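Q: Here it is, the structure in full.
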């Protein structure tokens, strides 16, 4: 009856029952005060601990590949020969199924995407260290010297980061999730170099609470680089005379034109409580692109003086070859682009509308987290002696924010003591 109920052979049930009886009798023989009279099996089993019938030791087929042995075998293979699991299988003769087991169950293997970093000279590394140290709050240094605190970074509520970014109408390669009987999308272009694109200049400050219940998103502006025109002739895409967008090559006069708009937007949008404070200046950081001008450019200074902004806005350049020193390159552009690609633009004008919509709707609290990531990168620069081959540490910022424990600024790494 038991064999039929569990759909197994009668012999299997018999063997299992005999093993259980043997364990049961062995356990009774080890009990010194066991009664001499015979007790029915039901009462005996009722008082037997479950551990008597639990199988101890290793069960199943012994593993052929030892964990430590596999790790040493893989480490012995040069990294350029293990870009895929199939290549790793060919180099070590470890079965693919075993490699996948070490990924899923043992968790000793993982995939890593390596990005090419700018080459840094010793002089440039020193510049990066100096840049990171300039972001330390001098007031926290005073308390540290008196033994009452830990050095922290500035809150950076007076900063604006400016940078340019191309947004394409579609990616050259795009991943989709399809059903088995579904046809993949057909995407065509004359040449991948002809994919429509629009350049944007973005200026972003750090979001913050400016008063009770009022949260400023820090969004200074997002400007497409180009000008509106009209189609000269009819095509399959548009009739003659239809509005079209013409991209312009960024040069110094054009960059000056857009930076004037950035300055005016700062003057218009910055919270008045800080902006009107005596001695307060907005520090605008740009990168070192050829079209960019220095802070002492005559045309730029003349514009600031004309608008009465020379004592409110100050321009400076970040360290060359250091995209990790700009929150836009560090994470904001990638996040914005991920949101933008959820849309399906058809023309350059669609790109402009959709990028602006993504920019306007992007959660400012996520932007604030990128500013904290920027501070963690400054710590990594100090710890790596100015280098750029480091992993950005995870802080679980979303969890900290939910628990209302997200810090306003990060503590400076102890590695800064090496440079004092």
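Q: Take the Cα pairs of the chain, get the Kirkwood Rh, then feed it into Stokes-Einstein at 37 °C and 0.692 mPa s and tell me D in µm²/s.
A: Details: Rh = 28.1 Å.
Stokes-Einstein gives a translational diffusion coefficient of 117 µm²/s.
Q: OK, next. What is the stretch 100-196 by shape, rounded, prolate or oblate, if you read a ≥ b ≥ c off the alpha carbon gyration tensor as root eigenvalues and call it rounded for a/c under 1.5, prolate for a/b larger than b/c, and oblate otherwise? Could the numbers behind the result be given before it?
A: Numbers: a/c = 2.77, a/b = 1.82, b/c = 1.52.
Prolate.
Q: P(r) for the stretch 336-420, please, calculated from all Cα pair distances in 5 Å bins and given in %.
A: That works out to 3, 12, 17, 14, 14, 13, 11, 8, 5, 2, 1, 0, in percent per bin.
Q: What order do you get for 197, 186 when you list them from fewest to most C-beta neighbours inside 10 Å? Mind showing how you got there, number by number?
A: Working: 197 13, 186 5.
Least crowded to most crowded, the residues run 186, 197.
Q: What FRET efficiency comes out for residue 363 versus residue 275 if R0 is 30 angstrom and r is the Cβ-Cβ distance? Round to the nearest 0.05.
A: With R0 = 30 Å, the Cβ-Cβ based efficiency is 0.80.
Q: Relative to the present Cα-Cα distance, how much length would full extension add between residue 90 and residue 414 at 0.36 nm per residue of separation? Intermediate results must be reported in sequence, preceding the final value.
A: Values: separation 324, 0.36 × 324 = 116.64 nm, distance 4.44 nm.
That works out to 112.2 nm of additional length.
Q: Could you let me know the centre-to-centre spacing of the stretch 367-394 and the stretch 316-357, using Cα atoms, in angstrom?
A: Cα centres, the stretch 367-394 to the stretch 316-357: 20 Å.
Q: I've got another one for you. Picking from 215, 85, 362, which is most flexible by a Gaussian network model of the chain using Cα springs under 10 Å?
A: 85
Q: Divide by every residue of the chain the summed helix terms, -39500 (n - 2.57) for each DSSP H run of at least 4, and state the resulting mean residue ellipticity at 222 nm, rounded to the nearest 500 deg cm²/dmol. Show your work: numbers first, answer last.
A: Values: 15 runs with 159 residues, N = 420.
Helix contribution divided over all residues of the chain: -11500 deg cm²/dmol.
Q: Let me ask something else. Quick one: Cα centre-to-centre distance for the stretch 89-109 and the stretch 238-254, in angstrom?
A: A separation of 53 Å, based on Cα centres.
Q: How big is the antiparallel share of DSSP beta bridges in the chain, given as a percent to the nearest 5?
A: Antiparallel bridges: around 75 percent, rounded to the nearest 5.
Q: Specify the angular offset, from 0 to 90 degrees and rounded to the nearest 10, of the alpha carbon long axis of helix 10-30 from the longest principal axis of the alpha carbons in the chain.
A: Tilt of helix 10-30: around 80 degrees.
Q: Still on this structure, please answer the following. On C-alpha positions alone, give me the angle between the axis of helix 252-269 and the longest principal axis of the chain, in degrees, nearest 10.
A: Value to nearest ten degrees: 70.
Q: Any idea how far apart residue 76 and residue 283 come out in nm if each label point goes 7 Å out from Cα toward Cβ?
A: 5.3
Q: Between helix 122-134 and the chain, what is the angle of the helix's C-alpha long axis to the longest principal axis, kept within 0 to 90° and rounded to the nearest 10?
A: 90
Q: Does a label point 7 Å from the Cα of residue 69, set along Cα-to-beta-carbon, have any residues of the stretch 85-116 with amide nitrogen under 14 Å, and which are they?
A: Inside the label zone: 93-95.
Q: Another question, then. Choose one answer from 166, 223, 65: the residue with the largest mean-square fluctuation in a GNM of the chain with alpha-carbon springs under 10 Å.
A: Judging by the Gaussian network model, the answer is 65.
Rule-based calculations on the coordinates, nothing more; no lab input. Owing to the predicted nature of the structure, the values given are computational and were not obtained by experimental measurement. Ideal geometry is used to build each Cβ from the backbone, glycine not excepted, and the neighbour counts take in all protein chains shown.
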